[in-house]
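Enquirer: So that we are looking at the same thing, I have put the structure below in structure tokens.
The values are calculated or read from the model by the stated rules, or taken from the named source; none is laboratory data. What you see is a predicted model, and the numbers here were worked out from it, not measured in a lab. Because the Cβ atoms are built from the backbone with ideal geometry, glycine has one as well, and the counts that use them run over all protein chains shown.
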């Protein structure tokens with residue numbers, strides 16, 4: 001192999017490596033962004049599913065209620081609901097209710113939390129849990145200014161994350177009827 | 001060597017293709033998994049909505065038994081790209097419906113209890129004519145065979161008369177004197193022994209009589225009536241000696257919040273800026289039968305506080321940490337009877353036979369009238385000027401207390417809700433010439449016209465958002481299934497009844513049709529209810545507007561904010577109206593019972 005052939009081969013290899021490298025970097029960046037979007041979507045869907053199912057089963061929006069020692073008040077980013085309790089055989093217990101609140105963590109507003117106090121005999125678990133991260137916005141709109149008269153809730157959830165200096169966002173909006181009101 | 005080197009480019013191409021194939025396929029796989037995730041969520045939601053359709057179908061079949069198989073027990077039905085399967089099982093008088101929606105491999109099952117609500121509601125019409133603050137106009141030769149109770153003045157023309165007693169209440173100010181309208185939360189009372197009674201203090205802005213009070217509340221179950229007292233203050237608590245007593249009828253309170261008026265047995269004069277109390281006494285606690293009143297936790301009403309107690313007579317009140325929702329209405333407006341003949345000539349005023357057809361007049365002023373028996377009025381001689389009294393003139397009498405209207409806003413809301421559970425008719429409903437139809441429960445978003453000679457049978461409560469026109473010779477009847485109960489047509493618009501319209505109850509004694517409007521027109525040319533001819537077996541009710549009865553028409557009962565009887569028109573009261581019981585349909589309405597819907 002002549003020196004010219006070696007130089008040409010090296011040049012070609014360098015160009016190929018550069019192209020492959022650039023493609024790899026672009027690809028991994030795309031993947032990172034897509035994975036972040038994936039996380040945001042999962043977070044959003046999880047939060048929506050949790051809220052929709054709970055609110056749909058509720059029979060009343062409660063103006064305010066003390067749950068596990070903390071008083072929560074229904075407003076535009078906090079919702080306190082009353083849900084018929086369910087026993088071990090998955091049957092509604094008459095006139096017994098679980099009280100549940102969804103709210104942004106006051107210490108870390110990117111966390112969507114729920115707190116629940118179960119009624120006597122209910123199989124739902126009392127206590128606080130986190131149902132979504134990356135929260136940047138949470139809005140509840142009601143079809144009545146009197147919480148106990150509310151039959152329909154509009155919910156907007158905004159999740160955001162910054163990846164490679166780029167702010168990614170997923171927003172979900174849904175309207176829920178209180179089927180037990 | 002040459003032979004080996006000739007394949008190098010191909011190797012590189014294959015390596016490149018391999019790399020890009022890996023990158024590309026992983027991106028495609030990622031995109032496809034996202035698509036499948038969205039598709040799965042969509043299918044789950046579709047399955048739930050189709051399961052909901054199954055429950056709706058079951059309710060519809062139960063409410064329209066002639067449209068589905070006899071003894072409907074469920075079905076399987078295709079809906080778009082999915083299907084639902086419903087099964088009904090009976091528990092007592094209720095049905096439990098289980099509905100499974102299926103879309104491809106995805107299913108969702110719902111369960112709910114369906115119960116039949118024969119929501120009857122009482123309303124007592126104790127008077128042939130009851131009129132609100134708008135007052136009563138009786139033109140020449142019109143008459144009422146029965147008693148009249150009016151919260152406004154009565155002006156009568158030549159020959160106008162009433163066979164019974166007439167009460168004209170002391171006039172009420174048009175706006176509430178004291179009020180707390182904000183409801184930030186709610187407060188139960190009558191459910192446990194420690195809060196059988198509640199009280200709210202207030203300070204009137206004027207020295208004047210109190211005519212009535214209003215409360216914003218609802219009920220759970222069927223609790224007893226509430227006694228309402230007006231008392232003075234005793235060291236920050238209600239005095240145990242009432243100045244006035246009234247009854248808040250449980251039948252006026254519904255399961256939804258609404259304002260309910262309470263009038264008193266007397267109208268004591270209250271002093272401006274002095275503290276008084278409104279006490280609500282349930283008198284017993286029942287965990288399943290109690291009341292819920294609105295409350296403002298911010299205590300925004302600055303002239304009083306809310307308290308609760310086991311027994312208002314025993315003291316020991318506790319703070320309710322807020323103000324209850326209430327209004328007080330002061331009197332002091334002079335009202336009168338003018339130009340009316342009260343009682344029938346020849347009555348023996350002491351004869352027990354005339355206990356209900358007596359001939360007494362009760363008003364602040366009784367002017368230019370003929371009173372067969374006794375006249376109760378304010379001051380001699382000005383307030384009895386121009387009148388002839390057959391037996392006793394009784395000056396210095398208290399003005400009669402205003403009488404609350406017999407139907408509350410909450411009852412009207414309940415009836416509208418019951419109608420909304422039935423058929424929904426968008427736009428106008430027209431029953432054309434000489435046609436017949438059965439309708440109800442139903443909500444009509446436009447106008448309703450029953451044309452000449454046509455016949456409409458009510459099978460449930462009807463709510464018309466527009467106007468109602470009953471044209472000449474139309475017949476409106478109640479389904480026989482109503483039995484001894486009465487049926488309801490509610491409208492937000494005007495009711496016009498042309499000549500010879502026939503209203504029939506169910507055929508049983510005590511069954512009537514109530515034609516009610518919430519329209520507030522008091523215009524003589526366009527009243528809330530305009531009746532052109534005889535209309536028996538029907539109760540006309542205009543809670544906020546005027547009823548105008550044309551020449552020579554004959555009614556059984558009329559209740560309105562204002563009433564005008566034209567020349568020769570009459571109202572002949574029927575005693576059964578005192579206990580009228582209104583049902584939402586002949587067999588009730590099947591609907592999902594609250595707090596029984598669940599996802600399995």
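Enquirer: Using the structure shown, decide if residue A:12 is assigned to a helix (DSSP H, G or I), surrounded by 12 or more Cβ atoms within 10 Å (Cβ to Cβ) and either more than 10 Å from chain B (Cβ to nearest Cβ) or touching a strand residue (DSSP E or B) at 6+ places or on another chain (Cβ under 7 Å) (or both).
Expert: Here the answer is no, as residue A:12 does not meet what is asked.
Enquirer: Residue B:226 fails exactly one of the following numbered conditions: (1) within 25 Å of the chain's Cα centre (by Cα); (2) surrounded by fewer than 19 Cβ atoms within 10 Å (Cβ to Cβ). What is the number of that condition?
Expert: Unmet for residue B:226, out of (1) within 25 Å of the chain's Cα centre (by Cα); (2) surrounded by fewer than 19 Cβ atoms within 10 Å (Cβ to Cβ): (2).
Enquirer: Okay, next question. Hey, residue A:2 hits all of (1) crowded, with 17+ Cβ neighbours inside 10 Å; (2) more than 9 Å from chain B (Cβ to nearest Cβ) but one; which does it fall short on?
Expert: Failing condition for residue A:2: (1).
Enquirer: Further question: Taking the range A:75-95, which residues are within 10 Å of chain B (Cβ to nearest Cβ) and within 25 Å of residue A:145 (Cβ to Cβ)?
Expert: Matches in the range A:75-95: A:82, A:83, A:84.
Enquirer: Is one or more of the residues making up the range B:5-21 touching a residue at least 12 places away in the same chain (Cβ under 8 Å), outside any helix (DSSP H, G or I) and more than 30 Å from residue B:440 (Cα to Cα)?
Expert: no
Enquirer: Turning to a different aspect of this structure: Show me the strands (runs of 3 or more DSSP E) found entirely inside the range B:551-592 where at least 3 residues are modelled with pLDDT of 75 or more.
Expert: Result: B:554-565, B:570-572.
Enquirer: Hey, does the range A:92-102 have a residue that's touching a residue at least 40 places away in the same chain (Cβ under 8 Å) and over 13 Å from the mean Cα position of the chain (by Cα)?
Expert: yes
Enquirer: Quick test for you: out of B:511, B:521, pick the one residue that is surrounded by fewer than 24 Cβ atoms within 10 Å (Cβ to Cβ) and at pLDDT below 85.
Expert: After ruling out the rest, the residue left standing is B:511.
Enquirer: Can you confirm whether residue A:159 is over 30 Å from residue A:39 (Cβ atoms) and either at pLDDT 90 or above or within 14 Å of another protein chain (Cβ to nearest Cβ) (or both)?
Expert: Criteria not met by residue A:159.
Enquirer: Just one of the numbered conditions (1) modelled with pLDDT of 90 or more; (2) part of a loop (DSSP other than H, G, I, E, B) is not true of residue B:337; which one?
Expert: Checking residue B:337 against (1) modelled with pLDDT of 90 or more; (2) part of a loop (DSSP other than H, G, I, E, B), the one that fails is (2).
Enquirer: Looking at the structure I just gave you, is residue B:394 under 30 Å from residue B:209 (Cβ atoms) and at pLDDT 85 or above?
Expert: Taking the combined requirement at face value, the residue satisfies it.
Enquirer: I'm trying to understand the selection: among the residues of the range B:11-30, which are modelled with pLDDT under 85 and farther than 17 Å from residue A:28 by Cβ?
Expert: The answer is B:11, B:12, B:13, B:15, B:16.
Enquirer: Residue B:205: at pLDDT 90 or above and closer than 29 Å to residue A:151 by Cα, yes or no?
Expert: no
Enquirer: Follow-up question, since we're still on this one. Checking residue A:118 against (1) in contact with a strand residue (DSSP E or B) (Cβ under 6 Å, 6 or more places away or on another chain); (2) within 14 Å of another protein chain (Cβ to nearest Cβ), which single condition isn't satisfied?
Expert: The failed condition is (2).
Condition check ((1) closer than 27 Å to residue B:402 by Cα; (2) surrounded by 21 or more Cβ atoms within 10 Å (Cβ to Cβ); (3) within 14 Å of chain A (Cβ to nearest Cβ); (4) touching a strand residue (DSSP E or B) at 6+ places or on another chain (Cβ under 8 Å)) across all residues:
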residue	(1), (2), (3), (4)
B:269	yes, no, no, yes
B:277	yes, yes, no, yes
B:289	no, no, yes, yes
B:306	yes, yes, no, yes
B:314	no, no, no, no
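Enquirer: List every residue pair whose Cβ atoms lie under 6 Å apart, where the two residues are 6 or more positions apart in sequence or sit on different chains, the first residue falls within the range A:51-64 and is more than 7 Å from chain B (Cβ to nearest Cβ), and the second residue, located anywhere, is surrounded by fewer than 23 Cβ atoms within 10 Å (Cβ to Cβ) and assigned to a helix (DSSP H, G or I).
Expert: Close Cβ pairs satisfying both conditions: A:60/A:148; A:61/A:147.
Enquirer: Do we find a residue being more than 11 Å from chain B (Cβ to nearest Cβ), surrounded by 20 or more Cβ atoms within 10 Å (Cβ to Cβ) and not in a strand (DSSP E or B) anywhere in the range A:19-40?
Expert: yes
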